[in-house]
Structure formats: C-alpha cells, structure tokens
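S.K.: Below you'll find the structure I mean.
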Amino acid sequence: MARRPRLRGGALLGTVPFFAYVTIFLIIPTLVVVIGAFTGDGGRGFTLENVRALGDDHIAAAFGRSITLSASSAIIGAVLGAILAYALVTGKPDGLLRRVVTAAAGVLAQFGGVTLAFAFLATIGLSGFVTLWLQEHGLDPYANGVWLFELPGLTLVYTYFQIPLMVIVFLPALDGIRPQWREAATSLGGTTWQYWTRVAGPLLAPAFLGSTLLLFANAFSAYATAAALVSQGSPIVPLQIRGALTSEVVLGQANLGKAMALGMVIVVAVVMALYSLLQKRTAKWLG
Amino acid sequence: MARVAFRWTVLAVFGVFFLLPLVAMAEFSARDEKTWPLLLDWPRLSAEYPGLAEGILSSLGQAALTALLMLVLLVPTAIWVRLRLPGLRPLVEFLCLLPLTIPAIVLVVGLAPVYAWVNYLIGGSSQTLVLAYTVLVLPYAYRAIDTGLSAIDVKTLAEAARGLGAGWATVIWRVVLPNIRSAVLSAAFLTVALVLGEFTIASLLHRTNLQVAIEALGKSSAGVSVAVSLTALMLAFVLLLVLSLAGSPRKERS
C-alpha cells in the first residue's frame, strides 16, 4: 500500500515521451494559432484587429466561397453516396462485390491532393481524354469558358472523394435498418411510399444529416487539391492562408493568417460537434 | 428483378465515373511513348529529372521513418496506458483524435514557428517532416492499434507474464506486441499510404517529397508527372486494398 504513490509516479513516467511529443508538435502549434490570432504584428499585445479583419471583403468572400464549395460538394456527395450505399445493401451482405466496393471506397476517400488534381487535368483538362473525345464529337465542355479551375470544377473534383466517404460512413446506418420493420409496415397495410416517408426516412435522417456534415468538414479542410488546381487567385480560405503564409513578410500581416486558421478550426469544430450529436441520435435506433 | 437492375445500373454508372480519371491518366501519360520506359529506368530518370528522383527518395524515407516513429511512440504508450493508467485513456484518445479537427493547412500555420526551431537544431532536411507527419497520422494509427488492443485481454496476458517473472519491457515487446501484430501492420500501412500522399505541410514548409516534386514537374512535363501520379496512386491503392480485404474477414461482425 505504501508503495502505491511511488509506483503511480513511475507509471506516469512511461507516458512522458508521448505527451512531450504531442505537446511540441500538436498542442504548441494549436496554441500558436489561437494566441497569434489575437496578437498584434511583431508580438505586440492583445488585439482584436486580426479577427476583425476576417470581415474584410476579400476574406469574407473567401469564407463564403469555401462554405459554398464545401456545402455543394457535401450535398452532391451525400445524395450520390447514399444511392450507391443503398445499391450495395440490396446485394449480398458478405458478397465479394460489396467487399471490393467498400475497400475501393476506403482508398478513394483518402485520394486527394495533387494526384487527384492531375487525374482530372488528364480527364477534362484542356487537352484531357474526355475533353478531346467530346470535341471530336462536336461538343465543347468549355464553350462558355474554362470552369475546371473555378468553383464548379472544384466541386466536381471534390465529389470524387466525397462520394466514397459517404459510402463508408452511411453504410453502417443502412445496415441497421431491419427487414422486419418493412414487413411490419407492409402487414399493417402501408405502401412503399409510406414506409420510406414514415419509417425508414425518419430513422435514417439523423445519420444522413450527420454524414453530410462530416463530408462538409472534409471538403472545408481540404487544401492540396485546390492548391494544385487553382494557380491564379485565392478563391477559398485555405488558399488565402497560403497567400498569408508565403507573403507575410511583405504585407506585414503575419497574424491575419492565424486568424483565418482559427476561423477554419471554429467552423470545423462546430460542424464536428453537430456531427457527434447526430451520431448519438443515430445510435439509438440504428446502432 | 427491378432491384437487381437498379443495383447494376447504379454500380455501372459509378464505376464509369470512378474509373474514367484513372483511364484518362493512363492514356494521357502514354501519349509520349518515351514516358513509361523512362520511369522504369532509374539512372536515366534521376539524370533527367533530379527533382523528381529526390522527391521519390524523400517520400520513401519519410514513409519508413514516420511509420517507425509512430510505432515507437504510440504502441508502448497505448499498451502502458491500458495496463497501468486506465484513467488517462480518454485524454490519450482525445489527443490522438485531435488532428482530425485541425485541418493540415491550419497545423502548418502553427508548425511554422516550431519548425524554425527544428531548422536551428537539426537542420532543414526534408526528413524533418517526419516529426509533423507523425502527428498527422496519429488518429488513423491510434484507431487501428486501439482496435487491436480491444480484441485481446491485455491485462490477463500481462499478469500471466509478470507472474512468470517477466519485466515490463518483456511484457510489451514479447507478449502483447506479437498479439496485436496485424493491428500494428495496418497502422503502418495506413501511415505509409498517408505519407506518400502528403502535400500541404511539405510544400508550405519548403521541403520536398513526392507530391511536391510531382506538382513542380506538372508545369513543365505534364506527361511524366501524370505517369508518376498514376504509379503512386496505384501503389497506395494496392497497399490499402490489401489491407482492407485482408482485414475484413477476421473482424466478423458479432
């Protein structure tokens, strides 16, 4: 008994490397962002100037575009992903097809960045495979201007990793739907329409909404794909941060980037909090 | 019947959407027939595209070192916390999952001053990125290892070993570790796949890796950079596909 406290101290010693490492490379960077967002340039005292600057036209517009891009790619990804997931659950639960598709979805959901940008350049870039094919057949996708390097293009490219992510996160909820519920609805005289709007729909709604939020956060944090695709201007927040980081010496706005970074963290944190709230609600019925 | 038709139509449409970019990459990179043979000829590749060769070597080094550092840091801690400090588990889990809510672009902003010190103390080698990557892969690696540890009775194994006179190092290294081999392997695989695809941190901290080299090359020789992209992608694809197909039958739903 008397040895207990000493032993506990010794046990804590074993976790020192982990905590020391996480402090230096995770906690300190986070604090740098949070504190920097409220610090004047040159480290002079507390200020709200950086946070107020988030309201500037070009930054507010970038946040607006980031949110539009994330929301539209999340909604498109969620709807299409849900359809694909539903097609999978109508098949054999342990069939080879389902295993291969979920495995492929796991890979594609991680697929982003430069490689993805280049994949789309090779596909519908100005001399891409599909572009050339369409032009040979008298159709020009870029007749009304090149949209690949702007928001519509980014939305299309983002759906390439959003749909697989939706399949992964939404599939467990669909699996939770029991066939007995449908039989119960049918035996009570319900139609298919009534089953979907009164039984399955309300049960799946929290899971669907939660998954959409996760997709939103995923698109909102993405940087590499946009960085490789967009070379002119900084339409979205991550690219604005790049601008602030690479030209901070010139502009003397070192901490504006930190304020934008803090803004991103807050948006992601709020979305993720809502997500875990909905996740709990989903677990009640479809756990 | 309608259901079967629906299923195959949906799968066919999505299949085309997801395969098309891969096919396009293959076609695009084969337009110049010299591209693919060049990729297989390492001496010529490193002579003609030294930046790319450097990026490839950097990424391979980073992947191996990150996996090593992640395992050294995470596995003993996860086992130790489970055995001796269960009260700390929520904190460790919170810290490990925290990078999920911090976008890489935000982490870079905070890492810049930390890396000013890294530059000062160890220098500006591209391998120093390993320090940041270990944080980046923490959520994925932690989940894999935690699942592995939940599947076995760590406490009983440790008590049995301790009762037979084993020290803590022996318990972790020779008793628990062999039992979570597949979890450790999947954490390492995920780490390698993530590191091979990393761009944000490397490019903004002015260091090189595969993705940075591909991006730089994209402006001058699009064919070669698309070919390398496709190769890297296929490598990650095979790695993760093997992982998820090999992992799924064992984790049968109860």
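Where a number appears in this text, it was derived from the coordinates with a stated rule and is not lab data. Keep in mind that what you see is a predicted model, and the values were worked out from it rather than measured. So basically every Cβ, Gly included, is an ideal-geometry build from the backbone, and we count neighbours across all protein chains shown.
S.K.: Once a ≥ b ≥ c are taken as the square roots of the eigenvalues of the Cα gyration tensor of region B:19-108, is the result rounded (a/c under 1.5), prolate (a/b larger than b/c) or oblate (a/b not larger than b/c)?
M.R.: prolate
S.K.: If you rank B:E215, B:E33, B:E48 by fewest surrounding Cβ atoms within 10 Å, what's the result?
M.R.: If I rank by nearby Cβ atoms, fewest first, I get B:E33, B:E48, B:E215.
S.K.: Okay, moving on. Exposure proxy check: B:D41, A:D57 ranked by fewest other beta carbons within 10 Å?
M.R.: In order of increasing Cβ crowding within 10 Å: A:D57, B:D41.
S.K.: To make sure I understand the rule: partners must be lysines, Cα under 26 Å from the Cα of B:K34, and not fewer than 8 residues away in the same chain. Which ones qualify?
M.R.: The qualifying lysines are B:K219.
S.K.: Mind checking which aspartates and glutamates have their Cα closer than 17 Å to the Cα of A:K284? Skip sequence neighbours fewer than 8 apart in that chain.
M.R.: A:D175
S.K.: Moving on to the next point. With just the Cα atoms defining each centre, how far is region B:139-178 from region A:18-38? Give it in Å.
M.R.: Each part reduced to its Cα centre gives a spacing of 31 Å.
S.K.: Looking at chain A, identify the longest residue range that excludes and avoids all trypsin sites (Lys or Arg not before Pro) in DSSP loops having at most 12 other Cβ atoms within 10 Å.
M.R.: For trypsin sites (Lys or Arg not before Pro) (loop position, at most 12 other Cβ atoms within 10 Å), the longest site-free span of chain A is A:45-287.
S.K.: Whole number please: convex hull volume per residue, Cα atoms of chain A, in Å³.
M.R.: Measuring per residue, one finds 237 Å³ for the Cα hull of chain A.
S.K.: Residues with amide H under 5 Å of A:T39's amide H, sequence separation 5 or more or different chain, H placed in the peptide plane at 1.01 Å from N; which?
M.R.: Placed amide hydrogens put A:T47 under 5 Å from A:T39.
S.K.: For region A:199-209, in order, what is each residue's ³J(HN,Hα) by Karplus, 6.51 cos²θ - 1.76 cosθ + 1.60 with θ = phi - 60°, in whole Hz (x at glycine and Pro)?
M.R.: Here the 3J(HN,Hα) series is 10, 5, x, x, 5, 8, 3, x, 5, 5, 4 Hz.
S.K.: What translational diffusion coefficient, in µm²/s and rounded to a whole number, does the Stokes-Einstein relation yield for region B:159-203 at 37 °C and a viscosity of 0.692 mPa s, taking the hydrodynamic radius as the Kirkwood radius over Cα pairs?
M.R.: Calculated translational D: 256 µm²/s.
S.K.: Just flag the trypsin sites (Lys or Arg not before Pro) in region B:28-136 sitting in loop per DSSP whose Cβ has no more than 10 other Cβ atoms within 10 Å.
M.R.: B:K34
S.K.: Taking region A:91-137, which chymotrypsin sites (Phe, Trp or Tyr not before Pro) meet the DSSP loop condition and have no more than 14 other C-beta atoms within 10 Å?
M.R.: Listed in order of number, the matching sites amount to none.
S.K.: Which whole number gives the average count of other chain Cβ atoms within 10 Å of the Cβ atoms across peptide B:213-225?
M.R.: Going residue by residue through B:213-225 and averaging, the value is 3.
S.K.: For chain B, build the convex hull from the C-alpha positions and give me its volume per residue in Å³.
M.R.: Normalising the Cα hull of chain B by residue number yields 191 Å³.
S.K.: How do B:7-17, A:162-172 rank on mean C-beta neighbours within 10 Å, highest first?
M.R.: In descending order of packing, they fall as A:162-172, B:7-17.
S.K.: Can you give me the span-like helices of chain B, meaning DSSP H runs with 30 Å or more of Cα extent along the axis and Kyte-Doolittle mean at or above -0.5?
M.R.: Those that pass (Cα extent of 30 Å or more, hydropathy at least -0.5) are B:2-29, B:50-84, B:129-151, B:222-247.
S.K.: Using the Kirkwood radius over Cα pairs, work out the Stokes-Einstein diffusion coefficient for the protein assembly as shown at 10 °C and 1.306 mPa s, in µm²/s as a whole number.
M.R.: The calculation lands on 63 µm²/s.
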